[in-house]
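Some notes on the structure that comes next.
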Amino acid sequence: MSEELETKEHLVNEQQVLDYLAENPDLLAHHPEILAKVKLPHGSNGSVSLVERQQQVLREKVNHLEQNITKLVATAKHNEHIYKAFINLYMALLECPDSKQLIYLLRAILLEQIQLDGMKLVLFIASDEHAAELVESKSLYQDIILQRLAQDDFYFGRLKKQELALFFTEEQAIKSVALIRLGGQKDLGILAFGSIDDSHFQGDMDTLFLGPMVKLINKLLLDFSSESNEKK
């Protein structure tokens, strides 16, 4: 019983010391003779003084901050690259004459400049004479629309094997996708992008760059369709 009381008393006293040091962080600065005697275990290197330990902790914090800054700079450069690619795409789409050029621009700018690994544009209605090869039956994609695009015109993430096969071949080895429902409830089609990186497209991604692009593509497809009908 007496040993238990001594242990509790030791813990209380130790906590009091810790609390006092926390409230008076400059205490040891006024008592260098104590500071020099404080030793801390340091793995295979034996023991080190408190000052040495503080310097080590500070170096570790600096290294950690430098790593974070490096990551932030890399992310900023990547975002700037994506921003410029989308600006180039917007400007080119404004003068896009038909669906053939539309496909070319999407591939040339998004696939090559942003370095995605796959793209497919599926249309449910032929927008012009160049779009015939892009048209597929909407019934083939009905499950995708209901399960992935019913609540939102964008889906980011992974697909089941049979879903993935609608857009990409096995040889492409696509792991994550971005699906975009074109035309909203008008169901003009689906635009799909793929990456071999399974974490490239994730559910929490925003549509800051994609939103304006999709609106412009929707307008172009409707314009192509109207112009095609006028020629008939």
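The values are calculated or read from the model by the stated rules, or taken from the named source; none is laboratory data. This structure is a prediction, so every number in the text was calculated from the model and none was measured. Counting neighbours? That spans all protein chains shown, and the Cβs are built from the backbone with ideal geometry, glycine included.
Checked against (1) more than 30 Å from residue 187 (Cβ to Cβ); (2) charged (D, E, K, R); (3) in the same structural domain as residue 224 (by TED's automatic domain parsing), residue 128 passes all but condition (1). I'm checking my understanding of the structure. Among residues of segment 62-84 that are of a type in the set (A, V, I, L, M) and free of Cβ contacts under 8 Å to residues at least 40 places away in the same chain, which one is farthest from residue 215 (Cα to Cα)? My answer is 62. Among residues of segment 107-123 that are in a helix (DSSP H, G or I), none has a Cβ under 8 angstrom from a residue that is modelled with pLDDT under 85 at a sequence gap of 6+ or on a separate chain. Entry remark, segment 85-106: residues being more than 17 Å from residue 127 (Cβ to Cβ), free of Cβ contacts under 8 Å to residues at least 24 places away in the same chain and surrounded by fewer than 16 Cβ atoms within 10 Å (Cβ to Cβ) number 2 in total. Please specify each residue of segment 144-155 satisfying the condition of being outside any loop (DSSP other than H, G, I, E, B) and more than 11 Å from residue 192 (Cβ to Cβ). Correct list: 145, 146, 147, 154. Please tell me if residue 223 is among the acidic types (Asp, Glu), in contact (Cβ under 8 Å) with a residue 12 or more places away in the chain and surrounded by 12 or more Cβ atoms within 10 Å (Cβ to Cβ). Here the answer is no, as residue 223 does not meet what is asked.
Rundown of residues vs (1) touching a strand residue (DSSP E or B) at 6+ places or on another chain (Cβ under 8 Å); (2) over 18 Å from residue 107 (Cα atoms); (3) assigned to a loop (DSSP other than H, G, I, E, B); (4) basic (Lys, Arg), yes/no style:
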site: 127; (1), (2), (3), (4): no, yes, yes, no
site: 130; (1), (2), (3), (4): no, no, yes, no
site: 142; (1), (2), (3), (4): no, yes, no, no
site: 163; (1), (2), (3), (4): no, yes, no, no
site: 190; (1), (2), (3), (4): yes, no, no, no
site: 198; (1), (2), (3), (4): yes, yes, yes, no
site: 217; (1), (2), (3), (4): yes, no, no, no
site: 223; (1), (2), (3), (4): no, yes, no, no
